[in-house]
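Chemist: Before I ask anything, here is the structure I am working with.
Coordinate-derived values only; no laboratory data. Because the structure is a prediction, the values reported are computed rather than measured. Because the Cβ atoms are built from the backbone with ideal geometry, glycine has one as well, and the counts that use them run over all protein chains shown.
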Amino acid sequence: MDVSSRILSELAEREAALDAQIEAARADARRDVEAAEAEAARILREAQERMKAIQAEHDQRLTAETVRIREEARSKATEGTERARTQMSGRIQQAAEHVLKAVLP
């Protein structure tokens, strides 16, 4: 084998080795990208689940606060109504007494 043939043979072997390394690096890169995409999908799912849980908790708090406000308003309205009834009852009684005093000697 002459020198140029040997050099060409070595260059071909080196090229084949580099091609193999490049292909292995590409395969590693593909696996890394797939793993990163899977991790991103997992993180997104977890974030969506957490968002749903937070939204549900917020909705429960909002519902409880709405119920509390309605009960408080109902209680105040009932108290106001009772107070008004008591005042009106007292005024009606005073008016009746005044009418009776005016009519009966």
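Chemist: When all alpha-carbon pairs of the chain are counted, what percent fall beyond 18 Å? Please report the intermediate quantities before stating the final value.
Modeler: On the way: 4358 of 5460 pairs.
Of all Cα-Cα pairs in the chain, 80 percent lie more than 18 Å apart.
Chemist: For the chain, set up a Gaussian network in which alpha carbons nearer than 10 Å are linked by springs, and say which option among E57, E13, E72 fluctuates the most.
Modeler: Per the Cα network of the chain with a 10 Å cutoff, E13 tops the list.
Chemist: Now, a different point. Report, in deg cm²/dmol and to the nearest 500, the calculated mean residue ellipticity at 222 nm for the chain, where each DSSP H run with n ≥ 4 adds -39500 (n - 2.57) and the sum is divided by the residue count. Before the final figure, lay out each step's value.
Modeler: Numbers: 1 runs with 101 residues, N = 105.
About -37000 deg cm²/dmol.
Chemist: On C-alpha positions alone, give me the angle between the axis of helix 3-103 and the longest principal axis of the chain, in degrees, nearest 10.
Modeler: Helix 3-103 sits roughly 0 degrees off the main axis of the chain.
Chemist: Which FRET efficiency value, to the nearest 0.05, is calculated for S75 and A102 with the Förster distance at 30 angstrom and r the Cβ-Cβ distance?
Modeler: On the way: r = 40 Å, r/R0 = 1.35.
The value I calculate is 0.15.
Chemist: Let me spell out the model: positive unit charges on the Cβ of Lys and Arg, negative unit charges on the Cβ of Asp and Glu, origin at the Cα centre of the chain. What dipole size does that give, in debye rounded to 20? Before the final figure, lay out the partial values.
Modeler: On the way: 18 positive and 21 negative charges, 348 e Å.
Computed about the Cα centre, the dipole is about 1680 debye.
Chemist: Please say if segment 4-64 is rounded, prolate or oblate, where rounded means a/c under 1.5 for a ≥ b ≥ c the square roots of the C-alpha gyration tensor eigenvalues, and otherwise the choice is prolate for a/b larger than b/c and oblate otherwise?
Modeler: Numbers: a/c = 15.91, a/b = 12.96, b/c = 1.23.
Cα axes put segment 4-64 in the prolate bin.
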